[in-house]
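Read the figures in this text as sums done on the coordinates, not as results from a lab. Just so we're clear, the structure is a prediction, and the values are computed from it rather than from any experiment. Neighbour counts run over all protein chains shown; Cβ positions are idealised from the backbone, glycine included.
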Amino acid sequence: MSRPRILVTGGTGYIGSHACVCLIEAGFEPVIVDNLSNSSRIVTERVARITGFQPVLHETDLRDSEAIARLVREIRPAATLHFAGLKAVGESVSDPLRYYDNNVCGTVSLLQALDAGGCRVLVFSSSATVYGDPDTVPIPETAPVRPTNPYGQTKVIVEKLLLDLCAADPRWHVSILRYFNPVGAHESGLIGEAPRGTPNNLVPYIAQVAAGKRAHLSVFGDDWPTADGSGVRDYLHVMDLAEGHVAALRHALANPGPLTLNLGTGQGVSVKEMIRAYEAACGSQIPFRISPRRPGDIATCYADASRAREVLGWQPRRSLAAMCKDSWHWQSNNPDGYQ
Ligand code: NAD
Ligand code: UDP
């Protein structure tokens, strides 16, 4: 029996590559479109080593409307998982045009191609960053949306566009997934997060300190109104997140209209707790220094994750220890990422 084809934009990236593994294991055929601006073609070989199936990669930019329209006509995907986008908050502040162009214009180009091809099932990668500094935690999907940077704005704009599309045309089936903090790697250690240059995020930075590539971690503030003074986030194993996409895909295939869901664990973990968990996983100390707060940071952010459990029957199953263990396995096997 042939596998339903799923177009995976950004499929060679961090989350997209893990989603490809889960799609294949669930009986789908991922077809990747990626411009490789933040990823490597080697990923498809690694996915093949894990699953026995190598996804086809089309090296194309989503903003190349003609090429995307041609691709959609050719492969006729049953659905699209739309991961492709730029995601560095600081860079989005210094270069907003690039972010709006890539994330918003790229999505418009993709949606036009999918609409013209009659392929109207889509799962979109949004982010908890749309909530900005929340009034209360845990954060439900009904909380106000007020992003504090251009990256978050691009997510809000695309979310709104997708809602407008569903309102205008009932043939669209759309899941908007607001991820909290994905970390870790596939348990094989063959795929993982490979940031270029200095990591912006906590866990990849800790991983490089553990590997001896960086001297120490800077903890951005220990005077936050949290139990130990360091920032609190909702860290989620990337394989749980990838499995959440398969659940959201199945739901979207069966149900018209829009659905907006948080994907997180609902548990807050502080920077200092993460350091201790990573030390246990890698067996060495993570040297750290307390530094000033990072501009734009917030104290605490974690999900009310109940809607995803109710609607999709999905909930994360991997522990904080597993997130650190799998991150370390990937980092120690691939000290320079995919290079
Ligand atoms: P990533 O950078 O590893 O993957 C994104 C992929 O998209 C890359 O392979 C990149 O080359 C590709 N890409 C970017 N612009 C493109 C374009 N115009 N055309 C074709 N390909 C393009 O990032 P990730 O961490 O895997 O994130 C995937 C999605 O999830 C992004 O939309 C991101 O905003 C969102 N998200 C990520 C996080 C996180 O912490 N990683 C949290 C919330 C939401
Ligand atoms: N953080 C830190 N040092 C770093 C990177 C991050 O102390 O080098 C803190 C940051 O202030 C926040 C938490 O770790 O409290 C998670 O940061 P990350 O950038 O990974 O996620 P986000 O803040 O975007 O949710």
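Could you compute the FRET efficiency for residue 108 and residue 187, with r as their C-beta to C-beta distance and R0 at 45 Å, rounded to 0.05? That pair, residue 108 with residue 187, gives E of 0.75. Across the alpha-carbon atoms of the chain, the computed radius of gyration and Dmax are 19.1, 58 angstrom. Ranked by the mean number of other Cβ atoms within 10 Å of their residues, highest first, the peptides 66-77, 272-283, 236-247 fall in the order 236-247, 272-283, 66-77.
If you wrap the tightest convex hull around every Cα atom of segment 163-318 and split its volume per residue, you get 149 Å³. Positive contributions from Lys and Arg (+1) and negative ones from Asp and Glu (-1), summed over other residues with Cβ under 14 Å from the Cβ of residue 77, come out at +3. Among the listed pairs 160/272; 155/325; 213/325; 155/213, those with a Cα-Cα distance over 28 Å are 160/272; 155/325; 155/213.
Near residue 286, within a Cβ-to-Cβ distance under 14 Å, what is the net charge of the other residues, with Lys and Arg +1 and Asp and Glu -1? Summing Lys and Arg as +1 and Asp and Glu as -1 gives +3. Beta-bridge orientation, the chain: approximately 5 percent antiparallel, per DSSP, counting only bridges with both partners inside. Take each peptide in 46-52, 11-17, count the other Cβ atoms within 10 Å of every residue, and average; sorted highest first, the result is 11-17, 46-52.
Mind checking the angle between helix 150-168 and the chain's longest principal axis? C-alpha axes, 0 to 90 degrees, to the nearest 10. Between the helix axis and the principal axis of the chain, the angle is about 30 degrees. Could you give the distance between the Cα centres of segment 84-159 and segment 180-244, to the whole Å? When both Cα centres are located, 21 Å separates them.
The stretch between residue 276 and residue 78 holds 66.9 nm of extra length on full extension. This uses 0.36 nm per residue minus the Cα-Cα distance. For segment 1-100, the equivalent ellipsoid derived from the Cα gyration tensor has semi-axes of 24, 16, 11 Å, listed largest first.
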